[in-house]
Amino acid sequence: MKGLLTLFLVGCWLMGYAQVPATPQVYANPQAGYQLTYPQAWQLRQNASKTETTFFAGDTSKLAPAVVLIVRLLPEQPPNLLARNQQDSLWRSVRRLPRSQVLRLDQHDAGSYQELRYDYTFASDSIGATRVHVLGRRVWRGNQEFQLEYWATVGQEGRALAEGQQVVDSFGFTNQPAGRYPAGQQCDDKMYGIAALRYVNDIWEDDCRTIHEFSVTDPSASPKIHRQVLPFQSYALAKGFDNCLYSVTKAPTNAPEYVYRYNPTTRQGEYTPWQLPAQGPETVWISAATDERGDLYFSTADASQLVKVSPADNSVTVIWATDPVRQASYYSTIGFAGAGSHGNFCLDDANTLYQIYSTDGSLIKVDLNTRQPAPEMISLDGLPEKGGYSDVLLQIDKAGRRRLFLAGPNSLYRVDLERREAYRVRSGIYTDLAGCNLFQVPDPDARPAGQSVPAMPTAAALPPAPAVWRGRVLDAATLKPLPQAQLRLHLASGSGGFGPAASLAPDGSFAVPVQANKDYAARVRLVGYLTTDSTYRTLAGPYMQDILLRPFTVGTTLRLDNVQFEQGTTRLLPAAYPALDELLAILKENPKLTIELRGHTDNVGPAEKNQILSEQRVTAIRLYLIGLGIVPKRIRGVGLGGTQPRASNDREITRQLNRRVEFRITGVQ
């Protein structure tokens, strides 16, 4: 009897918006050895033979988002399916669909199972007015095949996309109980942070669902992005000794919440059986950390509650229900109404808890055994004066030295506790940091200090893993191929400029050798289109991802990155000129193009002064371009002051996004 297990997700718009339920339902098949989770509000229905299971969002008598699970058995274990061009077969099928775009198509051999992941859109009608989004996985293990597929109309999917992706990602095998650490598990050197913001359609939005992965050996290197992998927005993240990440929603529900477990290796997630108690009114779970036993701790924003989760026995214990820092003599300076929070924390291997005061980055030490705070706060030099400090994390670097990392406004810092100095490591806004290599058990066979050790090849010494990036260059409006485009790549962390232009086939397709799991800058040029300068994270093995070029259309508005001025003046900073020169090249390559420069400020200071300053800065840019040969009538300028913010003006972090210069296309003929 031919066997097949297929899981289809059909998604539509969910009316209304609420937080993702904290207690998802689990659907498991112990005999087949798999499980998945689905939203609590969804309903379940099975056919008489139980070979077909359907999950509905809402009333099952009406059309609604649904997951259909069909189960059959394979007659025998198939050969290596990935070696039989399953990836190429699917790519050919997608390319035959009308106006299709491949967002992701890659494969992975995990040893015990093989997997193909895909994400694409296509037009479901002849005029392309309706587009369908398909997101899925095909997994082969033994004599079983699992296909999980989400479908939704792009314009109607809304929250269904996030819920559908969560169900697809939650599918996993149940050979090991969720959350329990295997014997002898060692924490690796990777550290993680929850990204606070994301850049979508030229607008910075709250994120708090994407996780960035760093290596403690070089945290300044570009992180590996785990995009939108949490099923909820979160401020809290801890790393267990199983090298999985644990999080909880930031929703102020004042109700018990389940802890979510995400595996960054398999990119799969699931809810654990651990349930944190209600966090209390007017506060949220804001931070998480790990101790030397591998236990996980979660703290509220007001630091009034600290809870411990022990994976060894699945117990949940309240460590304290009253903020111990209230005993400190300095509490009145940080605990008044409107003050910053100090709930973000980390733990060391001596049962000391380090909290960070969000307003100025000062550190607070609390003895976890006695619940006694240190008599004074630790002030640090080298930090910006304005607030936005969100977490601390102790890690061990490759030389065996302790390093305290601090998430500050716009940047990650490394702290020298002896000198009480902070040093900027990289840019980024993170709500919480996670890592646990501080608690690694020393190798019992390690040689005494000073004794030579035979040289072993390191990861840095090994040749980079090869990969091939295949895709197409497409018109963003029509999804038609653009074989005349010029595509050049450059390894973001390497030296030198862009490499030679890649060869494009008549259908706009390309195949470029790259290094796996690296950031590449891609520059794509074509007359009549906006030059694309984007960074792409490569994947392991052969994979597919299309690139879109936006045609010049009247009304299109684009931001000029890094175009900044000296404070309160119209003098351009040196970092502004690359973006201006890129705009100059666009204008020269497209002589019929006309634009309008648009200057913006934040809302700090008098509105009249901001208006005048924005006008003067736009004039400075216009004169720069005219001085380099652009006809004056092709460039108009307008200053808008602080009337059109892109982000909130409540915090300095987001006010910076409002101080910008854009250009708007006013004519293409």
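The values are calculated or read from the model by the stated rules, or taken from the named source; none is laboratory data. The shown structure was predicted, so the numbers you read here are calculated from the model rather than taken from an experiment. Methodologically, a virtual Cβ is constructed for each residue, glycine included, from the backbone with ideal geometry; neighbour enumeration extends over all protein chains shown. The area values use the complete protein model at the heavy-atom level, side chains included, leaving out ligands, DNA and RNA. Shrake-Rupley method; radii C 1.70, N 1.55, O 1.52, S 1.80 Å.
Cβ-Cβ contacts under 6 Å between residues 6 or more apart (or on different chains), taken from a first residue in region 616-634 that is free of Cβ contacts under 8 Å to residues at least 40 places away in the same chain and part of a helix (DSSP H, G or I) to a second residue that is open to solvent by 30 Å² or more (accessible area, probe 1.4 Å) and among the acidic types (Asp, Glu), are absent. Hey, any hits in region 411-421 for a residue that's among the aromatic types (Phe, Trp, Tyr), under 23 Å from the mean Cα position of the chain (by Cα) and not in a loop (DSSP other than H, G, I, E, B)? So far as region 411-421 goes, yes, one or more of its residues are among the aromatic types (Phe, Trp, Tyr), under 23 Å from the mean Cα position of the chain (by Cα) and not in a loop (DSSP other than H, G, I, E, B). Scanning region 300-308 for residues that are out of contact with any Cys (no Cβ under 6 Å at 6 or more places or on another chain), modelled with pLDDT of 90 or more and open to solvent by 60 Å² or more (accessible area, probe 1.4 Å) turns up at least one hit. Does Asp602 count as within 35 Å of the chain's Cα centre (by Cα) and either open to solvent by less than 20 Å² (accessible area, probe 1.4 Å) or more than 25 Å from Gly387 (Cα to Cα) (or both)? Here the answer is yes, as Asp602 does meet what is asked. Applying the criterion of being loosely packed, with under 15 Cβ neighbours inside 10 Å and under 20 Å from Gly343 (Cα atoms) to the residues of region 247-270, the residue that is nearest to the chain's Cα centre (by Cα) is Thr253.
For Gly555, the conditions (1) within 30 Å of Gln616 (Cβ to Cβ); (2) surrounded by 19 or more Cβ atoms within 10 Å (Cβ to Cβ); (3) of a type outside the set (Ser, Thr, Tyr) all hold with the exception of (2). For region 414-426, the criterion of a residue being under 29 Å from Asn263 (Cβ atoms) and open to solvent by less than 20 Å² (accessible area, probe 1.4 Å) is satisfied by no position. When Gly294, Gly269 are checked against the criterion of being of a type outside the set (A, V, I, L, M), outside any loop (DSSP other than H, G, I, E, B) and either touching an Asp or Glu at 6+ places or on another chain (Cβ under 9 Å) or under 22 Å from Ile356 (Cα atoms) (or both), a single residue qualifies: Gly269. Inside region 575-611, can you point out the residues that are in contact with a Ser or Thr (Cβ under 8 Å, 6 or more places away or on another chain), closer than 30 Å to Gln669 by Cβ and part of a loop (DSSP other than H, G, I, E, B)? Answer for region 575-611, where residues must be in contact with a Ser or Thr (Cβ under 8 Å, 6 or more places away or on another chain), closer than 30 Å to Gln669 by Cβ and part of a loop (DSSP other than H, G, I, E, B): just His600. The set of residues from region 518-552 being assigned to a loop (DSSP other than H, G, I, E, B) and open to solvent by less than 70 Å² (accessible area, probe 1.4 Å) comprises Leu526, Gly528, Leu530, Thr531, Thr538, Leu539, Ala540, Gln545, Asp546, Phe552. Restricting attention to region 315-326, the residues being touching a strand residue (DSSP E or B) at 6+ places or on another chain (Cβ under 6 Å) and either of a type in the set (A, V, I, L, M, F, W, C) or open to solvent by 40 Å² or more (accessible area, probe 1.4 Å) (or both) number 6.
In region 333-355 there is no residue matching the filter, namely being in contact with a helix residue (DSSP H, G or I) (Cβ under 8 Å, 6 or more places away or on another chain), open to solvent by less than 10 Å² (accessible area, probe 1.4 Å) and in a helix (DSSP H, G or I).
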